[in-house]
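Take a look at the structure below.
The values are calculated or read from the model by the stated rules, or taken from the named source; none is laboratory data. Predicted model, so just to flag it, every value in this text is computed and none were measured. No Cβ is skipped: glycine too gets one built from the backbone with ideal geometry, and neighbour counts run over all protein chains shown.
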Amino acid sequence: MLISTSLKTLAQQALLLVLLSTSVAVAQRKKREQVAANPDGSLPAATTAAAPAPARPVRLQPLFGGLTPAAATQLFGAKQLEAVAASFASRDEASTFFAQKGYEYLSENQADTAAYRFNLAWLLNPNNPDVYRGLGIVASNGPTPDAAIALLNKGLALAPTNAYLLADLGTSHLNRYAQTKKKKDLSTGVELLQKAVALAPQHGVAWHQLAQGYYHQEKYAEAWDALHKGRALDMSSINFNLITELIAKMPDPQGMFK
C-alpha cells in the first residue's frame, strides 16, 4: 500500500516528538547504562587501556544492542511507539515506511540515522526482513563481518528467496574469507551469490561479487564471465583490482581488458 504524503508528514512529526521526548531520558541513562560495544550485542574484548572507547548509544546499535523487542520497547517508550504507529494504517505499514527511510539515509552515508530508523522499523514489526538487511549493511562497517552475517541470516530466515539478502550475505562471507581464509566462507559465499543471480539476473553488484568468489576458487573463466555480466549491468561496481589480478591468471576471453 502506498503511504500518502500527509501520513508521511504526520509520521515525521510524530517521530520528531519522540526524539525530543526521549533525548533527555537517554542522556540521564547514559552514565548508568552498561551496554555492549559491539554491533552484535556481544561484550567488548577485555582491554588494559585506562580509558576504553565509549560504547555507541544503544539506540544506534543494531537491534538496540541485542535487546529483546519488549526491552527495546520499554527503552524507547511504549506510548511514544504507539504514537508513531498511529499515523499509519498498521504497524507493518509503519515498519515498511521507516525501513525505506533507513535505506535513504544509508544512500546519504548517514549510518547512525539509518540504524535508528531500522531499529524503529524493527520495533514496529520484528518480522520485517528489510530491517535485518539494513542493519546488516550498517554492521558491515564493523571490524569483522560477523555481526553483519548474523543479522543477514535473521533476514534470510524470514525471506529465503530475497535476492538482495542472499547477495549481501554472500558478500559478507567473502569478506570474512578475505580475513580468515576459511574455505567454508568462500564456498558459502559463492553458493549464496549463485542463488542471488539465479533469482535476480539483473543484480549487477551480485555478479561482480560472484566474479570475486570465482577468482578465489581459481575458476578464472567463470570469473571473467561473471565480471562481464556485472559490467553490462552496473559499470559503477566494477573492480579494477580484480581485473588486474584476473589478467595475470588468464587473458580476458572477450579481449575487452588487456
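The single residue among 84, 190 that is surrounded by 22 or more Cβ atoms within 10 Å (Cβ to Cβ), out of contact with any His (no Cβ under 7 Å at 6 or more places or on another chain), assigned by TED's automatic domain parsing to the domain that holds residue 219 and of a type in the set (Val, Ile, Thr) turns out to be 190. The residue of the range 93-110 that is surrounded by the most Cβ atoms within 10 Å (Cβ to Cβ), among those that are under 10 Å from residue 134 (Cα atoms) and small (Gly, Ala, Ser), is 102.
Summed over the range 141-167, residues that are among the hydroxyl-bearing types (Ser, Thr, Tyr) and either buried (at least 20 other Cβ atoms within 10 Å of the Cβ) or in contact with a His (Cβ under 8 Å, 6 or more places away or on another chain) (or both) total 1. Look at residue 117 and say whether it is surrounded by 18 or more Cβ atoms within 10 Å (Cβ to Cβ), outside the structural domain of residue 197 (by TED's automatic domain parsing) and either over 11 Å from the mean Cα position of the chain (by Cα) or assigned to a loop (DSSP other than H, G, I, E, B) (or both). Yes. Scanning the range 57-114 for residues that are assigned to a helix (DSSP H, G or I) and among the charged types (D, E, K, R) gives 59, 79, 82, 91, 92, 93, 101, 104, 112. Exactly one residue out of 227, 233, 246 is touching a His at 6+ places or on another chain (Cβ under 9 Å), surrounded by fewer than 23 Cβ atoms within 10 Å (Cβ to Cβ) and farther than 22 Å from residue 135 by Cα: that is 233.
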